[in-house]
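The values are calculated or read from the model by the stated rules, or taken from the named source; none is laboratory data. Quick caveat: nothing in here was measured; it's all calculated off a predicted structure. Here the Cβ positions follow ideal geometry from the backbone for every residue, glycine too, while neighbour counts run over all protein chains shown.
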Amino acid sequence: MSEAPVLVGSFPDRDGVSPPTMRTWGSWRPGELRTVEHIGGRLVVVGQCFADDRRLRADFERALATDRPRSLTRWPGSYLTLVFREHDLTAFTDLAGQYPLYYRVADGQTVFGTHARATARASGLEPEPDLLTLAAKVICPDVPILTEDRSVYMGLSRLGGGQALRVTRGGHHATWTYETLAPDPATSFADAAGALKEALDAAVRARVDAAPRVSSDFSGGLDSTSLAFLAARHRPSAPLPVFTYQQSAGPASDADHARRYAGLDARLRLTVVRGTNSTLTYQDLDQAEATELPGAGVVVHARTRELLSRVANAGAGIHLGGEGADALLVAPPGYLADLARQRALRRLRRDCVELARIRKVSPARVLARSTRLSVTTVDRALRSLARRLDRPVDRCVEWLDAIAWWPRPGPEGGWLTQEMRRELTALVRCKAEGTHELGGLGVGDVAAIGEVRVAGAVQRQLDEVGRTMGVWPQAPFLDNEVIRACLSIPASRRANPLAFKPLLASALAGLVPAPVLSRQTKGNYSAEDYRGARLASGNLRNRVARLRLVELGVVERAPVMASLENAIDGLRAPFSAFNRLLATDLWLDGIEQATSSGGGDRE
């Protein structure tokens with residue numbers, strides 16, 4: 001098993017003599033950690049950066065000479081950038097948040113690192129879970145404002161997607177959003193499609209050029225399938241291994257599409273990974289490997305490991321996946337409020353009618369929610385969230401609830417203990433008193449950026465699993481330039497109820513076969529969740545009966561068990577929230593096991 005790579009360092013912010021320190025350990029992949037030394041500074045790049053060494057050095061020298069460190073965020077890829085100069089340290093995270101930075105200011109220095117637990121320990125903290133942050137991430141994951149600067153450990157701060165940190169020798173600290181991802185009014189749909197075509201094709205080509213072995217997901221859906229066709233174009237003399245997962249007891253629609261699409265290019269070598277009962281959701285959770293952070297992907301760890309093991313057996317290397325595409329290319333329903341605010345009434349009416357037809361709801365309800373949202377400010381929405389937390393409802397979230405700044409909690413809001421409910425409500429009300437500068441972002445744009453950051457966290461967890469198997473899962477849609485291209489136009493202009501991901505279809509016309517781009521549906525795997533819950537019912541009941549979050553005073557056992565029983569019985573249940581709860585519980589187990597065994601991070 002590969003040891004997780006860690007970078008930890010410190011910058012003395014009140015001492016003009018001591019140099020910064022930095023050390024690394026663990027199993028770094030080729031190119032995952034790169035450094036450049038130059039008179040007056042040092043550059044460290046962590047992640048997936050596809051600029052060659054010559055460009056890295058030239059751009060760094062220019063950034064030092066012109067005092068423009070932010071220019072170092074424009075290389076292809078997704079990566080964390082650290083710039084050390086004599087009098088300051090500046091850090092820039094990637095736009096998706098795949099590579100966050102953790103830090104703590106204490107005792108005349110700023111300790112920073114890429115691994116939360118290791119950074120906490122290096123800064124003198126005994127890693128103690130931040131229960132309020134964990135509760136917010138379980139109950140209100142779509143409200144990033146609540147936890148955007150908090151890590152899962154008490155006293156440890158986090159620099160998330162698109163953010164920057166500067167620390168100076170004089171003790172000054174500043175964090176800011178270096179790129180708001182606000183759309184450019186001068187950019188047309190055709191401009192955005194052209195930029196996406198160039199950025200996505202370059203992202204795939206860079207990975208094919210960088211690794212001797214490349215493979216790809218090939219689900220039969222639009223995103224990963226398109227990546228595979230792009231990759232095949234850049235491997236004209238070699239076959240491209242592609243993989244689709246099909247649960248033997250489930251619908252085969254996606255696998256059927258995958259087989260049909262694979263026949264369109266002789267370079268594609270399709271492997272259908274057949275799932276069984278043992279790879280359904282919730283199976284063998286006690287065998288799931290501990291991850292650095294809680295991640296809901298752990299509930300499908302058996303399926304993930306089966307797929308990645310087949311990828312590894314075919315020749316480990318970079319494995320492409322479509323994570324992030326839905327966040328960038330499917331406009332959140334809140335864009336309807338942006339149409340109302342812009343008084344684009346004809347378009348608003350048309351989209352409300354079409355979406356209501358597709359979702360089988362009343363057009364009048366869609367229009368009413370959209371209009372009401374158009375005059376709802378962020379602080380007002382936060383106050384509404386606080387009231388919902390005070391008085392939770394036993395109703396699952398529906399599609400209409402997504403016409404909002406963020407969906408309010410459903411039955412999971414009733415899981416909280418009274419004490420934690422008070423703390424979380426107080427946090428929400430505190431945030432409602434702040435100033436929320438949106439910088440030209442609409443409701444749909446804010447929601448899309450939040451979904452991109454969720455995708456970044458999902459991909460980071462997949463990366464951890466892949467590392468143990470010698471596979472490097474990568475998501476070209478989460479590259480900085482791809483994100484910039486997609487979000488250069490507002491969500492309302494990426495939306496079309498009558499077309500599926502129209503921006504991607506326009507961008508890849510001529511590069512990806514038309515039958516792939518014309519597919520209007522994607523697979524629904526909710527049946528696997530219900531079946532998996534029934535098969536694992538005994539283990540799930542046992543786990544809920546001994547939830548650490550109950551012992552720690554975060555949730556009550558009875559309402560959680562009631563939600564589980566609904567899932568087992570095939571009734572509507574808050575699966576997403578339950579998955580986050582299980583992931584947090586498993587993460588807490590991992591911390592306890594590491595502590596009791598004397599393991600953990602190096603001193």
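Only one residue in Arg365, Arg391, Arg357, Arg343 is within 27 Å of Gln520 (Cβ to Cβ), without any contact (Cβ under 8 Å) to a residue 12 or more places away in the chain and among the charged types (D, E, K, R). Which one? Show your work before the answer.
Working: Arg365 fails: without any contact (Cβ under 8 Å) to a residue 12 or more places away in the chain; Arg391 fails: within 27 Å of Gln520 (Cβ to Cβ); Arg343 fails: within 27 Å of Gln520 (Cβ to Cβ).
Only one candidate qualifies: Arg357.
Check the range 493-501 and report whether any residue there is more than 30 Å from Pro559 (Cα to Cα), over 24 Å from the mean Cα position of the chain (by Cα) and part of a helix (DSSP H, G or I).
No, there is no match, as no residue in the range 493-501 is more than 30 Å from Pro559 (Cα to Cα), over 24 Å from the mean Cα position of the chain (by Cα) and part of a helix (DSSP H, G or I).
Counting residues that are touching a residue at least 60 places away in the same chain (Cβ under 8 Å) and crowded, with 21+ Cβ neighbours inside 10 Å, which strands (runs of 3 or more DSSP E) fully inside the range 133-198 reach at least 2?
163-168
Taking Leu43 as meeting all but one of (1) crowded, with 16+ Cβ neighbours inside 10 Å; (2) at pLDDT below 95; (3) in contact with a Phe, Trp or Tyr (Cβ under 8 Å, 6 or more places away or on another chain), write down the number of the exception.
Every condition holds for Leu43 apart from (2).
Results for (1) within 30 Å of Gly162 (Cα to Cα); (2) of a type in the set (Lys, Arg); (3) more than 22 Å from the chain's Cα centre (by Cα), shown as yes or no for each residue.
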position	(1), (2), (3)
Ala192	yes, no, yes
Arg205	yes, yes, yes
Val208	yes, no, yes
Arg233	no, yes, yes
Pro241	no, no, yes
Ala258	no, no, yes
Leu268	no, no, yes
Ser278	no, no, yes
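Restricting to the range 10-34, what's the tally of residues that are in contact with a Lys or Arg (Cβ under 7 Å, 6 or more places away or on another chain) and either in a helix (DSSP H, G or I) or modelled with pLDDT of 95 or more (or both)?
Adding up the residues that qualify gives 1.
Is it the case that the range 336-350 has a residue that's under 27 Å from Leu200 (Cα atoms) and modelled with pLDDT of 95 or more? So that I can check it myself, show each step before the final result.
Our first condition is that a residue be under 27 Å from Leu200 (Cα atoms); within the range 336-350, this holds for none.
No, the conditions are met nowhere in the range 336-350.
Would it be correct to say that Arg235 is surrounded by fewer than 20 Cβ atoms within 10 Å (Cβ to Cβ) and without any contact (Cβ under 8 Å) to a residue 40 or more places away in the chain? Write out each step before concluding.
Working: surrounded by fewer than 20 Cβ atoms within 10 Å (Cβ to Cβ): yes; without any contact (Cβ under 8 Å) to a residue 40 or more places away in the chain: yes.
For Arg235, the condition - surrounded by fewer than 20 Cβ atoms within 10 Å (Cβ to Cβ) and without any contact (Cβ under 8 Å) to a residue 40 or more places away in the chain - is met.
Of the conditions (1) surrounded by 18 or more Cβ atoms within 10 Å (Cβ to Cβ); (2) out of contact with any His (no Cβ under 9 Å at 6 or more places or on another chain); (3) not basic (Lys, Arg), Gln474 fails just one. Which one is it?
(2)
Looking for whichever is of a type in the set (A, V, I, L, M, F, W, C) and farther than 30 Å from Ala258 by Cβ here; the options are Leu511, Leu503, Leu549. Which one fits?
Numbers: Leu511 fails: farther than 30 Å from Ala258 by Cβ; Leu503 fails: farther than 30 Å from Ala258 by Cβ.
Testing whether each residue is of a type in the set (A, V, I, L, M, F, W, C) and farther than 30 Å from Ala258 by Cβ leaves just Leu549.
Does Thr281 satisfy being of a type in the set (Ser, Thr, Tyr), touching a Gly at 6+ places or on another chain (Cβ under 7 Å), surrounded by 23 or more Cβ atoms within 10 Å (Cβ to Cβ) and touching a residue at least 60 places away in the same chain (Cβ under 8 Å)?
Details: of a type in the set (Ser, Thr, Tyr): yes; touching a Gly at 6+ places or on another chain (Cβ under 7 Å): yes; surrounded by 23 or more Cβ atoms within 10 Å (Cβ to Cβ): yes; touching a residue at least 60 places away in the same chain (Cβ under 8 Å): yes.
Criteria met by Thr281.
Test each condition in (1) in contact with a Phe, Trp or Tyr (Cβ under 9 Å, 6 or more places away or on another chain); (2) outside any helix (DSSP H, G or I); (3) at pLDDT 95 or above for Ala316 and report the one that comes out false.
(3)
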